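Reviewing the structure listed below.
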Amino acid sequence: MQISAKIESRFHSQETTVQTEDMPKSLTIPVKPSGYGSAINGGELLMLALATCFSNDIYREAAKRKIAVSSVQVECTADFGGEGEPASNIRYSARVSADALPDVIDDLIRATDKVAEVHNTLRKGISITLE
């Protein structure tokens with residue numbers, strides 16, 4: 001499965017598209033007050049990617065276990081230093097409400113942490129290539 005993201009940015013305008021295989025989806029991301037660039041930075045989007053991945057994966061893994069999940073809350077945080085420095089102290093927390101005993105929900109959260117693809121990508125420290 002190939003996933004991609006594209007931004008076309010101009011003065012007071014930005015078109016943002018994400019795509020999985022042949023299914024493109026547009027996102028609305030505001031432009032900075034200066035008119036140039038995104039008002040949401042890459043670090044914020046990275047934290048959103050982690051939160052989104054984990055939330056979606058909770059529902060996927062719960063369905064495999066026949067657990068009815070009613071809500072998921074995920075909060076991801078990281079520390080960013082100066083320009084060019086990578087994030088550090090990346091961490092997240094999750095709360096899941098489901099029709100299951102607390103220990104079953106805890107097991108679901110721990111199992112999902114092991115299979116969350118975006119999390120595992122960062123944990124692996126994969127290289128990124130400029131083409």
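The values are calculated or read from the model by the stated rules, or taken from the named source; none is laboratory data. Treat the numbers as computed from the prediction; the structure is a model and nothing was measured. Every residue, glycine among them, receives a Cβ derived from its backbone with ideal geometry; neighbour counts consider all protein chains shown. Calculation scope for accessible area: heavy atoms of the full protein, side chains included, ligands and nucleic acids excluded. Shrake-Rupley method; radii C 1.70, N 1.55, O 1.52, S 1.80 Å.
Figures for the structure shown
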| quantity | calculated |
| --- | --- |
| Residues of region 36-78: accessible area per residue with a 1.4 Å probe, Å² | 56 |
| Rel. contact order, % - alpha carbon contacts under 8 angstrom, at least six apart, region 66-131 | 28 |
| Whole-Hz couplings from phi, Karplus 6.51/-1.76/1.60, listed for region 58-75; x for Gly and Pro | 4, 4, 4, 5, 5, 4, 4, 9, 6, 9, 8, 8, 9, 7, 9, 10, 10, 10 |
| Helix-only [θ]222 nm of the chain, DSSP H runs n ≥ 4, -39500 (n - 2.57) each, per residue, nearest 500 | -11000 deg cm²/dmol |
| Top positive-direction residue, dipole computed over region 4-131 with Cβ charges, set 45, 98, 31 | 98 |
| Label of the coordinate-derived value, P(r) over Cα pairs in 5 Å bins from 0, in percent, listed as (i) 2, 8, 15, 17, 18, 17, 11, 6, 3, 1, 0; (ii) 2, 10, 18, 24, 22, 14, 7, 3, 1, 0; (iii) 2, 11, 19, 22, 19, 13, 7, 4, 2, 1, 0 | (i) |
| For region 3-63, fraction of C-alpha pairs farther apart than 13 Å, in % | 69 |
| Whole-number percent relative contact order across the chain, with pairs defined as alpha carbons under 8 Å at least 6 apart | 16 |
| Ordering of 67-75, 28-36 by burial proxy (mean other Cβ atoms within 10 Å per residue, highest first) | 67-75, 28-36 |
| Fraction of accessible area attributable to carbon and sulfur, the chain (%, probe 1.4 Å) | 55 |
